[in-house]
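The values are calculated or read from the model by the stated rules, or taken from the named source; none is laboratory data. Everything numeric here is computed off the predicted structure, so don't read it as measured data. Quick reminder, even Gly has a Cβ in these numbers, built from the backbone with ideal geometry, and neighbours come from all protein chains shown. Quick note on the areas: whole protein, heavy atoms, side chains included, nothing else; ligands and nucleic acids left out. Shrake-Rupley method; radii C 1.70, N 1.55, O 1.52, S 1.80 Å.
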Amino acid sequence: VPVKTIEWRDNSVRMIDQRLLPARETIRIYKDYKGVADAIRTMVIRGAPAIGVAAAMGVALGIRGYSGTRAQSRFALVAKALKSTRPTAVNLAWGVDRMGRVLEANLSLDAAHLFRVMRDEAIAICREDIEANRAMGKFGAELLSASNTILTHCNAGALATAGYGTALGVVRAAKEAGKKVAVFADETRPFLQGSRLTAWELHKDKIPVTIIADNMAATVLRSGRIDCVIVGTDRTAANGDVANKIGTYPLAVMARRHNVPFYVAAPLSSIDLNCPSGDQIPIEERSGLELTEFRGKQVAPKGIATFNPAFDVTPNDLVTAIITERGVAYPPYTESLKALKDSARPPK
Ligand code: MRU
């Protein structure tokens, strides 16, 4: 792992500031939940599993010094603030709710003791995320042949998780299994998670990576050099519809056109059985400044109308398989995803 995305140390949360990568490797330190909420909102940390871990750690910071019914009402306030930061990735609410269940089970503890239990739970969520990624990697690597060129979108790597990555975890696991891997990374407009983050972490790991602008994907797919597409997800519905970074859906359409398998690496924490289909997944819309400005420089007429959805939904019929830490799900996803979720130990 090139760098720690997020870490609990000395009763504070440390994160590498992903807005500054790859130019600068700056660590930010947060001592209260408001700082963590701001970090999620402003994209110091991003990526579905990573913000789930961050939110859990934020809860631990938030309830520090509280116990009993005061801890309960404090949790309600902290949970609301953290959950309101970004709407699409279900991992965020999942992480907060898991912390809430631990709180409910430990209301008899004094404040100091309760804080330790909550802190330990947040650290466990962080550790389990890496374990899930490694397990997902093993299952995913089995789908790949001896030599592969993989096209990916956004960053579903170590930086989007507690470490190792989901889609990039499959790439890393394939390499560890002795397979030859190379990656094409979409630059991923407008936030450039591909060219800034995916390229940075793969390059550090000495995994061959070639960046392309998003509008070059069809040409690369048509050239026949891509063996499969692998992406992450922010929320996958019960029927296998996949919400992921804007630009994922066109990639799935193009992959189908060129008979290239389209795989989604999805930890169980990102599968939301309460969403019957992608239609119910809330899609975050971000500031139009991400389109009208580039690094603070005006690149479109002032006052122009913008539309900037941060995620799109890929319909399940375009998804070849969904890789989880419990195994690989194939269509019909309504059955296969439920079976994998049920096989997990509660309360995950
Ligand atoms: O807006 P972001 O950078 O948080 O979006 C991240 C993605 O879309 C990732 O592909 C997704 O979270 C999966 S990460 C394992």
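Antiparallel beta bridges, as assigned by DSSP with both residues in the chain, represent about 50 percent of the total such bridges.
For the range 46-92, what log10 I(q)/I(0) values come out of the Debye formula at q = 0.15 1/Å, with one point per alpha carbon and no solvent? So the normalised log intensities work out to -0.38. Provide the FRET efficiency to the nearest 0.05 for the residue 124-residue 80 pair, computing r from the beta carbons and using R0 = 22 Å. The computed FRET efficiency comes out at 0.40. Spherically averaged projected area of the convex hull of Cα atoms, the range 214-348: 9.9 nm². Once the Cα atoms are used to define both axes, helix 248-257 deviates from the longest principal axis of the chain by about 30 degrees. Which percent of the Cα-Cα distances in the range 149-237 go past 16 Å? When all Cα pairs of the range 149-237 are counted, 48 percent exceed 16 Å. When every Cα-Cα distance of the range 92-144 is counted in 10 angstrom steps from zero, the calculated P(r) takes the values 22, 38, 23, 12, 5, 0 percent. Restricting the calculation to Cα atoms, the chain shows an Rg/Rh of 0.97 when the hydrodynamic-style radius is the Kirkwood one. Legend: distances between Cα atoms for 179/341; 175/206; 179/206; pairs beyond 19 Å are 179/341. Note down the net charge around residue 152, summing +1 for each Lys or Arg and -1 for each Asp or Glu among other residues with Cβ under 13 Å from its Cβ. Taking every Cβ under 13 Å from that of residue 152, the sum is -3.
Within the accessible surface of the range 201-274, defined with a 1.4 Å probe on protein heavy atoms only, the carbon and sulfur portion equals 49 percent. Computed over the alpha carbons of the range 8-58, Rg followed by Dmax gives 10.2, 29 Å.
Rolling a 1.4 Å probe over the protein heavy atoms gives the range 12-78 an accessible area of 38 Å² per residue. Separation of the alpha carbons by more than 25 angstrom is noted, of 31/83; 34/338; 4/245; 204/245; 138/338; 180/204, for 34/338. Taking Lys and Arg as +1 and Asp and Glu as -1, the other residues whose beta-carbon sits under 14 Å from that of residue 299 total +2.
Pop out the carbon and sulfur fraction of the accessible area of the range 1-119 as a percent, whole number, probe 1.4 Å. Could you put the intermediate results ahead of the total?
On the way: 2440 of 4880 Å².
Here carbon and sulfur together make up 50 percent of the probe-accessible area.
Take the Cβ atoms of residue 38 and residue 294, set R0 to 25 Å, and the FRET efficiency comes out at 0.60.
The calculated Kirkwood hydrodynamic radius for the range 1-117 is 14.3 Å, given to one decimal from all distinct C-alpha pairs. Taking θ as phi - 60° and the Karplus parameters 6.51, -1.76 and 1.60, the scalar couplings of the range 320-327 work out to 5, 6, 10, 8, 10, 6, 9, x Hz in sequence order, x denoting glycine and proline. Calculation over all alpha carbon pairs of the range 221-279 in 10 angstrom steps from 0 returns a P(r) of 24, 48, 23, 5 percent.
The simple spin-label model puts a point 7 Å past each Cα toward its Cβ; for residue 219 and residue 203 those points are separated by 2.1 nm. A 1.4 Å probe run over the protein chains yields, for the range 160-252, 33 Å² of accessible area per residue, whole-number rounding.
Sort 73-80, 88-95 by packing, meaning the average of other beta carbons within 10 Å per residue, with the highest value first. Don't skip to the end; give the middle numbers.
Working: 73-80: 16.6, 88-95: 25.8.
Per-residue Cβ counts within 10 Å, averaged per peptide and sorted highest first, yield 88-95, 73-80.
Sorting 104-116, 54-66 by their mean Cβ neighbour count within 10 Å, with the most densely packed peptide first, gives 54-66, 104-116. If the chain linking residue 284 and residue 117 were pulled fully straight, counting 0.36 nm for each residue of separation and taking away their Cα-Cα distance, it would gain 56.8 nm. For the range 283-331, with all protein chains in place and a probe radius of 1.4 Å, 57% of the accessible heavy-atom surface sits on carbon or sulfur. Peptides 262-273, 156-167, 199-210 ranked from most to least packed by the mean count of surrounding Cβ atoms within 10 Å: 156-167, 262-273, 199-210. Take the range 259-320 with all the other protein chains still there, run a 1.4 Å probe, and you get 52 Å² of accessible area per residue.
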